[in-house]
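Structure, as C-alpha cells:
The values are calculated or read from the model by the stated rules, or taken from the named source; none is laboratory data. All figures in this text were calculated on a predicted structure; none of them were measured in a lab. All Cβ positions, glycine included, derive from the backbone under ideal geometry; neighbour counts span all protein chains shown. Side chains are part of the model used for accessible areas, which takes the heavy atoms of the whole protein and leaves out ligands, DNA and RNA. Shrake-Rupley method; radii C 1.70, N 1.55, O 1.52, S 1.80 Å.
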Amino acid sequence: MDHSGSDFVLDGAGFSVGDRTILARLNLRLAADRLHALVGPNGSGKSTFLKLIARQLTPDSGTIRLGDRDLATFGSRAFARQVAFMPQFTPATDGMTVRELVALGRFAWHGALGRSSPKDRAAVAEAIERCDLAAFTQRPVDELSGGERQRAWIAMMLAQESRWLLLDEPTSALDAGHQVEILDLIAALTRERGVGVVAVLHDINMAARVADEILALDRGTLVLRGGPADVMRPEVLTPLFGPRVDVLPAEGARPALAYMR
Amino acid sequence: MKAFPGFWWLVIAVVAVAALALINHLMLLDAVSNEAAGNMAFAAVFVARAELPRLAMALVAGAALGLASALMQRVLRNPLAEPATLGLSAGAQLAMVAATVALPAAMAYPAAVAFVGAAAAAALVLVATARRRFEPLSVILTGMMVSLTATAGAAAVILASGDYMTGLFIWGGGDLTQDGWAPTLRLTAILATTIGGTVLALRPLALLTLGDAEAKAAGLAAGTLRFAIIALAVWLAAATTAEIGIVGFIGLAAPFIARLTGVRSSAGRLMAAPIAGALLLALADGGVQLAGHLTGLRIPTGAATALIGGPLILALVPRIVSLTRPDVLPSAAVLPRRSAGPVLVTLTIILVATIALALTAGRGAEGWHVDLATITWRSARVGLLASAGALIGLAGTVIQRLTGNPMASPEVLGVGVGAGAGLAVILLAVPVASLGAQAGGMLAGALMTLFALLAFVRRHGFGAERLLIAGIALGALLSSLLTSVIATGSPAGFLLLGWISGALIEPSPDFAVATAAILAGLTPLALLHARALAILPLGETAARSLGLATARTRADLVLIAGAATAASTVAIGPMSFIGLIAPHLARSLGLRRPLSHLAGAMLAGAALTIAADWLARMVAFPYQLPLGLFAALIGGGYLVIRFAGGARGGP
C-alpha cells in the first residue's frame, strides 16, 4: 500500500492551558509507515502531542493535517478508519470478553446499524491471532494479566485497520519482559502492515530498540529528532538528560544503551 | 492593610449581614407601627427574643453546616460532600417526622432522633459505596437516592397522619424563625464540642488529604480517624437539621468560598469554612426576611439557599477536575456469565406471574382471595404499571451505560422533579386542573428540564461526569422550589405532597394505552443504539478513538432516557430506585450485552413496579400506601444487601 498520502503534517500546531504553553507551535511531518517514539521528561508535552494528533484535543493555534485534509474535516468514523488511539490508562471493560472488545474495533467500518460482514469477522479473527490471544477469546478482559490486557487493546486497534496506531505509554504498567514483548509486537506490526505508529515511551533505551525515529520533547518544544543511531550519542542526549548521561555503543546483538554516570 | 487572606471579603460580608438585619428590623417596625405605634417595649422584646436569636441561629447553624461539610469533604476526599448531598438531612428529617407521629415521647430529644436518622443515611451511603472506595461521584449519586427516598417517606408519613402535619414539611424546608435563645444555645454547645474535636484532629486530618495508603504509611489509623470524624460531622449535621430543618448548599458553598479567599493551609481552610458558612447563611436568611417583608410571602430559607446553591454547583462543574478515580476496581469479575436466553425467559415468566398475581389476588373483608373477576377493572392499572416500569428500566440502563457509572439512575436527569415542578405550576395556576391538564403540565416540566440540561451540558462537551452533576444540581434546585410550594400549605401543596410520596391515582384505560404506545415507540430507538451502548461504558477517549460521535450519540441517548423517564413519571409519579435497581438486577443475572441488558432491565423494571404496587395495596389493607414509598423500600433493601455483601467479598 502507498501511504505517503496519509502523513501527519503539523503546521504551527500548539496547545496551551490558560497562559501556560503546553506545546509550542510545532512544524513537522510524520511519515505514515514508520515507528516514531516520543520521549521526554514528565510535563514535556508528549502526551498532549499525541492527543492532538489523535484528535482527542484540538490545537489552539495552527493546523494538523492527515495527508492533505485538516483533521477537523474528518467525520468520527472516517477518522477512526485512519487513526486508532490507545490511552495510557485503558478503561475498565465491565465484563466484556476479549472477542467482544476486539470486535468493537470494527465500529469504524460497520457503524451503529450496519451488519457485521465476513470481512469484519475476518479482521477480528486475524487481530486475535496476531496478538496471540486465541486462547483468551472468551475470557473477560478485566481478568487478564497486565500484558495480556495490553495485547487485547492492541488487537482491538488492529481490528480497526487504521493507517495509524497512536499509543500513550503502552508499556508503563508492565515489567521489563512484557515491555519488550509489547514493543516488539508493535514494531513487527509496523513492518508487516505498513502502518504508521507514534508511541509515547518513557525509556530512551526501549525507544532506541524499536523505533525508526525518535522525537524528544522538552517543555513543549521539539529538541531532538533522528534515527536511533543518531540520537544514541552522549553529546546529543546531554541537552535532554543533563551532563551525566553517557552511552554504551551498540555491540553485536546488544543495542546502544544510555545510562546516567 | 492586609491582615490575612480574604480579610476584606470578611469585612464586606459582616457589614452586609448587619445592614440586612437593620433594614429588616426597620421594616418590621414599620409594619407593626400602625397597631403599636411608638411602643418601644414591644420593639425591645421583639429584638431580644426573635430577631437577635434568629440572627445568632443563622450564624451558628451556618458555621455548623460549614464545619460538618468541610470535615466530610476532607475525610471522603469529595468536593461535593455535605449534609444535603449525602442524604443526612433527609434521613434526619424522616426520623423526626416518623418519631413525631409514632413515638412523640422521643421528640423530647430532637437532636438524638435526628442523629439516628442521619447516621442511618450515612451508613447506607457509605456501605453502598465502600466497594467503589467512596468514589466521590458514586457517593453523591447514592446520597441523592437516599435523600429522595427519605423525602418520599417523610411525605408519606405526613400524608398518612392528616393535613395538620404539613407544618412538619414547612420545617423541612428550612425555617430559622426563633422565639427564644434555647435552640441557638443547644446548637452552639454542640458546635463548640465539634470545633474542639476538630482542633485535636488537625494534624491527622492534614495527612488524610494525601489518601489512605499514604496516611497509613505515615503511621495513621486512617479507618478509625475517618469513622470518628464522620460520626462527629453527622452529629453536627443532625443537630443542625433538628433545629432548623433542611438547609442545603451552605455546606457545599462554605468550604469552596474558604478556598477562594486564598487560605492555603489545611487547618486554615477547615477553620475558614465555618466562618464562611455562618456569614453565608446569615446573608441568605436576611435576604429571605427582606423578600418576605417586600412581598408578604413566607419563603423557607432552605429554598432560598438552594436557589443560590444550584447555580453554584452548575458554575463549579467546569472547574471540577475529576470525581471519578481510575483506581476504582471494576466489579465485573465476580459477576456470573450466563447465556442471555434462559435468563430472559425466566424474567419473562416472573413478570407474567407477577401480572397474574396483581390482576387476581387480593385481600377483601373476609381475608385473602383469588378472583378472576377483578381482572377487568385492574387491567388498566397493571398495564400502566408494566409499561411505566419497563420505561424506567430502559431509562436506567441507558443512563448507566451512557455514563459508564453503575450507580447512576434516571433521577440524575432531574426530569422527574421537573415533572413535579410542571405539576406545581399547573396546580398553582388552575387549582381545579383536570387530570389531563396535570399530565400536560408534568410533561412540559419534564421536557423543559431535559432541554435545559442538554443545553447546559452541550456547552461543556457532554462528559459523563458533568452530565451527572448538572442533572443532580438541576434536580436539587427544582425540588427546593417544590418544597417552597408545599410549604405554602395550600391545597396545591397537599396534592404535590401526594405526588412526591408516589401515591398512584386510579388510571383510565386510555392513559395505560398512551403509556404503552410511548414504550413501543422508545424501545426500538434504544435498541438501535445497541452498539453505542456497548462502546460508551469504555469512556470518552476510547469511544472517540473507535469512531463514535460521542457528543451527538450522548445527546440522542439522553433524549431517549429523558423521554422514557418523563413518560413514566407522568404515569405513576417519581419512582426512586427502580431505575437504579432494574439494570443492576439484569447485570448481576449475567446479562452483559446491551440488547439483553436492556431487555432484562425492562422486564425487571415492570415486574418490580407491579410488585411494589401490589404490596402497597395489600400491606395495610384496606388503606393504600404510596407506591413510590414501596418501590423505594424494595430498592433500598436490595441496594443494602447487594452492596454490603459486595463490600465484604470485594477487593
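Summary of values
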{"read-out": "Members of the stretch B:486-507 found to be over 26 Å from residue B:396 (Cβ atoms) and surrounded by 14 or more Cβ atoms within 10 Å (Cβ to Cβ), listed by number", "value": "B:486, B:487, B:488, B:489, B:490, B:492, B:493, B:494, B:495"}
{"read-out": "Residue within the stretch A:45-53 that is of a type outside the set (A, V, I, L, M, F, W, C) and over 29 Å from residue B:537 (Cβ atoms) present", "value": "yes"}
{"read-out": "Filtered residue count, the stretch B:243-273, keeping only those that are more than 18 Å from residue B:308 (Cα to Cα), of a type outside the set (Lys, Arg) and open to solvent by 10 Å² or more (accessible area, probe 1.4 Å)", "value": "10"}
{"read-out": "Test for residue B:306: is it more than 20 Å from residue B:187 (Cβ to Cβ) and crowded, with 24+ Cβ neighbours inside 10 Å", "value": "yes"}
{"read-out": "Test: residue in the stretch A:68-78 that is of a type in the set (Val, Ile, Thr) and within 19 Å of the chain's Cα centre (by Cα)", "value": "no"}
{"read-out": "Looking only at the stretch B:262-290, and only at residues there that are small (Gly, Ala, Ser) and modelled with pLDDT under 85, the one that is nearest to residue B:202 (Cα to Cα)", "value": "B:267"}
{"read-out": "The stretch B:49-91, residues that are β-branched (Val, Ile, Thr), crowded, with 24+ Cβ neighbours inside 10 Å and part of a helix (DSSP H, G or I)", "value": "B:60"}
{"read-out": "Count of the stretch A:61-113 residues which are among the small types (Gly, Ala, Ser) and under 21 Å from residue B:537 (Cβ atoms)", "value": "10"}
{"read-out": "Looking only at the stretch B:291-302, and only at residues there that are at pLDDT below 80 and surrounded by fewer than 24 Cβ atoms within 10 Å (Cβ to Cβ), the one that is farthest from residue B:242 (Cα to Cα)", "value": "B:295"}
{"read-out": "Residue check, residue B:427 in contact with a Gly (Cβ under 7 Å, 6 or more places away or on another chain) and either at pLDDT below 80 or within 24 Å of residue B:303 (Cβ to Cβ) (or both)", "value": "no"}
{"read-out": "Residue under evaluation residue B:511, criteria (1) open to solvent by 20 Å² or more (accessible area, probe 1.4 Å); (2) within 14 Å of another protein chain (Cβ to nearest Cβ), criterion not met", "value": "(2)"}
{"read-out": "Count - residues of the stretch A:82-92 that are within 7 Å of chain B (Cβ to nearest Cβ) and either within 14 Å of residue A:144 (Cα to Cα) or in contact with a Ser or Thr (Cβ under 6 Å, 6 or more places away or on another chain) (or both)", "value": "5"}
{"read-out": "Flag if residue A:5 is in contact (Cβ under 8 Å) with a residue 12 or more places away in the chain, in contact with a strand residue (DSSP E or B) (Cβ under 8 Å, 6 or more places away or on another chain) and open to solvent by less than 60 Å² (accessible area, probe 1.4 Å)", "value": "no"}
{"read-out": "Test for residue B:446: is it touching a Phe, Trp or Tyr at 6+ places or on another chain (Cβ under 7 Å) and under 23 Å from residue B:553 (Cα atoms)", "value": "no"}
{"read-out": "Filter result (in contact with a helix residue (DSSP H, G or I) (Cβ under 7 Å, 6 or more places away or on another chain) and over 16 Å from residue B:73 (Cα atoms)) within the stretch B:228-262", "value": "B:238, B:239, B:240, B:241, B:242, B:243, B:244, B:245, B:246, B:247, B:261"}
{"read-out": "Test: residue in the stretch A:145-154 that is away from chain B (no Cβ under 11 Å) and more than 20 Å from the chain's Cα centre (by Cα)", "value": "yes"}
{"read-out": "Search result, residues across the stretch A:42-61 that are assigned to a helix (DSSP H, G or I), away from every other protein chain (no Cβ under 14 Å) and among the charged types (D, E, K, R)", "value": "A:46"}
{"read-out": "Lone qualifier among A:141, A:98 - being among the β-branched types (Val, Ile, Thr) and modelled with pLDDT of 90 or more", "value": "A:98"}
{"read-out": "The stretch B:531-552: number of residues that are out of contact with any Ser or Thr (no Cβ under 9 Å at 6 or more places or on another chain), in contact (Cβ under 8 Å) with a residue 24 or more places away in the chain and facing chain A (nearest Cβ under 8 Å)", "value": "3"}
{"read-out": "The stretch B:374-390, residues that are aliphatic (A, V, I, L, M) and either closer than 15 Å to residue B:611 by Cβ or surrounded by 23 or more Cβ atoms within 10 Å (Cβ to Cβ) (or both)", "value": "B:382, B:384, B:385, B:386, B:388, B:390"}
{"read-out": "Residue in the stretch A:117-138 that is at the interface with another protein chain (Cβ under 7 Å from one of its Cβ atoms) and modelled with pLDDT under 90 present", "value": "no"}
{"read-out": "Some residue of the stretch A:62-72 being within 11 Å of chain B (Cβ to nearest Cβ), part of a strand (DSSP E or B) and among the hydroxyl-bearing types (Ser, Thr, Tyr)", "value": "no"}
{"read-out": "Sole residue being more than 14 Å from chain B (Cβ to nearest Cβ) and buried (at least 22 other Cβ atoms within 10 Å of the Cβ), chosen from A:180, A:102, A:141, A:197", "value": "A:197"}
{"read-out": "Test: residue in the stretch B:450-457 that is over 20 Å from residue B:607 (Cα atoms) and not aliphatic (A, V, I, L, M)", "value": "yes"}
{"read-out": "Qualifying helices (runs of 4 or more DSSP H) (wholly inside the stretch B:429-517; at least 2 residues being over 23 Å from residue B:136 (Cα atoms) and without any contact (Cβ under 8 Å) to a residue 24 or more places away in the chain)", "value": "B:435-459"}
